[in-house]
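Trainee: Dumping the structure here so I can ask a few things about it.
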Amino acid sequence: MWQARFEDGSILNQITEKGDKRSYQEVLDKVDVLETLTLIAGTNKRLFNVHLKSGRFGVKIHDSWQYFFFNDYNQDTLTDFQPIYFERYRHDFTLEKGIQEGTLDFIGLGYSAIYKGERKRIYLAINSKRSFCLKVE
Amino acid sequence: MASLDVKFIEWNESQTPGTYDGTEVTTLNFGSTDTADLTPSSAKITAGDNSYSKHIKFQFSGSFTSITNAKVYKSAGTYESNVDILYSGSSQKTGAPSQTTITTNDGSIPTSLPSYNNLVLRVGSTTDAGLPNPSDVHSSPGYYSGSRSDITVWQLTTTESSPAGAGAQLTHTIQYDVS
């Protein structure tokens, strides 16, 4: 599930205390004050996050956070961060049997930003085994 | 999050989206008649003819804020010789489906994951902005449940050299991002 932390320290969890699921739209409604977006993944609670003010990614491995930036990052090369969170699904279908149930390809967590005059999508692609890679589109 | 429920919605004859809700179908069988969920053996295509075109929307049901980056392609199986499937990921439905070769910017359906989004989703009049399209919501179990893609048009083409018999088993895939 995702967890959003805002500049005032408030937190919004995707799953409410009652077990209901929030819409991601609630994060987008406060995007101007969004500070970090975290993915809590799997039964081992591996954590991934992205800091929306600096573009810094974090992965918690063995109770220790490891941080990294997009390739040749520096403060001046990326501007206008917008959060990215999505789940990529694939459904197979045959002409004669209709559309099958979808399978999760990966979860995307990151941001889009202006880089060298172009808007780029820069995100972690996290698969069902919690392996991940950094994608730039 | 579980995947969304994705269904085909078909329009036949002079039915027009906006004035007719469409028919939920479970197959995309091609044939020599303009019929939803047709039985191919009862609507055989003469070698050298096209099938009737299919006017289809993809309908997405479940809770979501947006759907983007939708791609459709043939992911497995091999066509028989001199058989092809034409595809258009964004069309206006004008008139009834026919056996006249469709006009499509996309040509044949891609045989691998395309680099561009070939299933058009739009918010309002903004092309390829994603879903939801609140003006085209048809059910309400979820947040924007029931949102639909643009009309897609499909058509199987043959030549006089195409082999007789049932078509090859082909698998297609729809891929999308949901948040």
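The values are calculated or read from the model by the stated rules, or taken from the named source; none is laboratory data. Keep in mind that what you see is a predicted model, and the values were worked out from it rather than measured. All Cβ positions, glycine included, derive from the backbone under ideal geometry; neighbour counts span all protein chains shown.
Trainee: Please pick out the residue among B:Gly48, B:Gly18, B:Gly31 that is touching a helix residue (DSSP H, G or I) at 6+ places or on another chain (Cβ under 9 Å) and closer than 21 Å to B:Ser161 by Cα.
Mentor: Going through B:Gly48, B:Gly18, B:Gly31 in turn, just one is touching a helix residue (DSSP H, G or I) at 6+ places or on another chain (Cβ under 9 Å) and closer than 21 Å to B:Ser161 by Cα: B:Gly31.
Trainee: Separate question: Name the single residue, out of those in region A:24-60 being touching a strand residue (DSSP E or B) at 6+ places or on another chain (Cβ under 9 Å) and at positive phi, that is surrounded by the fewest Cβ atoms within 10 Å (Cβ to Cβ).
Mentor: Among those that are touching a strand residue (DSSP E or B) at 6+ places or on another chain (Cβ under 9 Å) and at positive phi, it is A:Lys45.
Trainee: Being within 11 Å of the chain's Cα centre (by Cα) and buried (at least 20 other Cβ atoms within 10 Å of the Cβ) is the filter here; which residues of region A:107-136 pass it?
Mentor: Hits for region A:107-136 are A:Ile107, A:Gly108, A:Leu109, A:Gly110, A:Tyr111, A:Ile122, A:Tyr123, A:Leu124, A:Ile126.
Trainee: Now, a different point. Output the number of the condition that A:Phe86 fails; it satisfies all remaining conditions of (1) closer than 30 Å to B:Phe58 by Cβ; (2) loosely packed, with under 15 Cβ neighbours inside 10 Å; (3) of a type outside the set (Ser, Thr, Tyr).
Mentor: It fails just one condition, (2).
Trainee: Moving on. So which residues in region A:39-66 are among the polar types (S, T, N, Q), within 23 Å of A:Asp80 (Cα to Cα) and free of Cβ contacts under 8 Å to residues at least 40 places away in the same chain?
Mentor: A:Ser54
Trainee: Looking at region A:1-55 only, could you name the residues that are within 14 Å of the chain's Cα centre (by Cα) and of a type in the set (Asp, Glu)?
Mentor: A:Glu35
Trainee: Still on this structure, I have one more. Going by the structure shown, is B:Thr94 more than 24 Å from A:Glu101 (Cα to Cα), more than 10 Å from every other protein chain (Cβ to nearest Cβ) and part of a loop (DSSP other than H, G, I, E, B)?
Mentor: For B:Thr94, the condition - more than 24 Å from A:Glu101 (Cα to Cα), more than 10 Å from every other protein chain (Cβ to nearest Cβ) and part of a loop (DSSP other than H, G, I, E, B) - is met.
Trainee: I'd like the full set of residues that are closer than 24 Å to B:Ser108 by Cα and within 9 Å of another protein chain (Cβ to nearest Cβ), limited to region B:60-78.
Mentor: B:Thr68, B:Asn69, B:Ser75, B:Ala76, B:Gly77
Trainee: Also, I was wondering about something else. Six or more apart or on different chains, Cβ under 9 Å: which pairs go from a residue in region B:155-179 that's within 20 Å of B:Thr68 (Cβ to Cβ) and within 12 Å of chain A (Cβ to nearest Cβ) to one that's of a type in the set (Ser, Thr, Tyr) and in a loop (DSSP other than H, G, I, E, B)? Could you list them?
Mentor: B:Asp177/B:Ser66; B:Val178/B:Ser3; B:Val178/B:Thr65; B:Val178/B:Ser66; B:Ser179/A:Tyr24; B:Ser179/B:Thr65; B:Ser179/B:Ser66
Trainee: Test each condition in (1) among the polar types (S, T, N, Q); (2) farther than 20 Å from B:Asn117 by Cβ; (3) without any contact (Cβ under 8 Å) to a residue 24 or more places away in the chain for B:Asn105 and report the one that comes out false.
Mentor: Among (1) among the polar types (S, T, N, Q); (2) farther than 20 Å from B:Asn117 by Cβ; (3) without any contact (Cβ under 8 Å) to a residue 24 or more places away in the chain, B:Asn105 violates only (2).
Trainee: Since A:Val31 meets every condition but one in (1) within 30 Å of B:Phe60 (Cα to Cα); (2) in contact (Cβ under 8 Å) with a residue 60 or more places away in the chain; (3) not charged (D, E, K, R), which condition does it not meet?
Mentor: All conditions are met except number (2).
Trainee: Of the residues in region B:26-45, how many are without any contact (Cβ under 8 Å) to a residue 60 or more places away in the chain and at the interface with another protein chain (Cβ under 8 Å from one of its Cβ atoms)?
Mentor: Number satisfying all stated conditions: 3.
Trainee: Let me ask something additional. For region B:153-177, how many residues are touching a Phe, Trp or Tyr at 6+ places or on another chain (Cβ under 9 Å) and among the polar types (S, T, N, Q)?
Mentor: Looking only at that region, the number is 4.
Trainee: Take the residues in region B:6-15 that are more than 8 Å from every other protein chain (Cβ to nearest Cβ) and surrounded by 14 or more Cβ atoms within 10 Å (Cβ to Cβ), then tell me which one is nearest to B:Ser61 (Cα to Cα).
Mentor: B:Ile9
Trainee: Continuing with the same structure: Residues that are at pLDDT 90 or above and within 18 Å of A:Arg90 (Cβ to Cβ), at least 1 per element: which strands (runs of 3 or more DSSP E) completely within region B:1-80 meet that?
Mentor: B:5-11, B:54-61, B:67-76
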